[in-house]
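The values are calculated or read from the model by the stated rules, or taken from the named source; none is laboratory data. Note that the coordinates shown come from a computational prediction; the quantities given were computed from them, not determined experimentally. Don't worry about glycine lacking a Cβ; one is built from the backbone with ideal geometry, like all the others, and counts go over all protein chains shown.
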Amino acid sequence: PPRPSPKPGPGEHPLQFNYSLWFSRKSPGKHSTATSYDQNLKLVGTFASVEQFWKYYAHIVRPSDLTGHSDYHLFKEGIRPMWEDSANNKGGKWIVRLKKGLASRCWENLILAMLGEQFMVGEEICGAVISIRYQEDILSLWNRTASDQQTTSRIRDTLKRVLNLPPNTIMEYKTHNDSIKDNSSF
Amino acid sequence: GTKIFYDRHFLLKCRNSPLTK
């Protein structure tokens, strides 16, 4: 049964939205299907305030210290970090490939901007993912409406600013529909 | 509804507040 939504505690600073933190790790040798992906998703917890966020954050392993094929997903409460979720199925994501060693800092910059509503695109942001891989790490930011070019450009500009990456960093946008079609998971 | 904005500096300040300990 779904757990009750957390509320900010006394004296805490509420967030505009509640968020859930998820963790997943790919089992070696298994095929990546939507079902196995779903089964590997573990909910770490849901929080409603800045202080509750920091409590979770203090207890999790930093992305750069994770090993193997692992992901953190930070999504608005109620949105499952899957292409098929009704909040995501018309959406897409900005993808930034990071050299090894940058994941923890970039992930923190991204999620602080998201939690603090720095993207200024209303309800468009769904969540963020950091994917730890062997050669490089991948940051992605998911939004609801892939066809809304004005919003996706705005998200890209803010993302560039908050990540503070070199100007030649390549950013790609991919619709979830295309991801479903080519079945590309990282 | 009211938008709740926090900048990075403020969020980092909350990290060290007694409430998060």
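Report the residue count in the range A:78-132 for those that are among the small types (Gly, Ala, Ser) and in a loop (DSSP other than H, G, I, E, B).
The qualifying residues number 7.
Which residues, taken from the range A:38-54, are part of a helix (DSSP H, G or I) and either within 18 Å of A:Leu110 (Cα to Cα) or under 15 Å from the mean Cα position of the chain (by Cα) (or both)? Talk me through it step by step, then tell me what you get.
So in the range A:38-54, the residues part of a helix (DSSP H, G or I) come out as A:38-40, A:50-54.
A:Val50, A:Glu51, A:Gln52, A:Phe53, A:Trp54, listed by residue number.
Of all positions in the range A:1-8, none carries a residue that is modelled with pLDDT under 95, more than 30 Å from A:Val121 (Cα to Cα) and surrounded by 13 or more Cβ atoms within 10 Å (Cβ to Cβ).
A:His69 fulfils the conditions (1) under 23 Å from A:Thr152 (Cβ atoms); (2) at pLDDT below 95; (3) crowded, with 17+ Cβ neighbours inside 10 Å except for a single criterion, (1).
Among the criteria (1) surrounded by fewer than 22 Cβ atoms within 10 Å (Cβ to Cβ); (2) at pLDDT 95 or above, the one A:Met82 does not fulfil is (2). Looking at A:Leu21, A:Leu15, just one residue is under 20 Å from B:Cys14 (Cβ atoms), of a type outside the set (D, E, K, R), touching a residue at least 24 places away in the same chain (Cβ under 8 Å) and within 14 Å of another protein chain (Cβ to nearest Cβ), and that residue is A:Leu15.
Scanning chain B for residues that are facing another protein chain (nearest Cβ under 7 Å) and either of a type in the set (Lys, Arg) or in a helix (DSSP H, G or I) (or both) returns B:Lys3, B:Arg8, B:Leu11, B:Cys14, B:Arg15, B:Leu19, B:Thr20.
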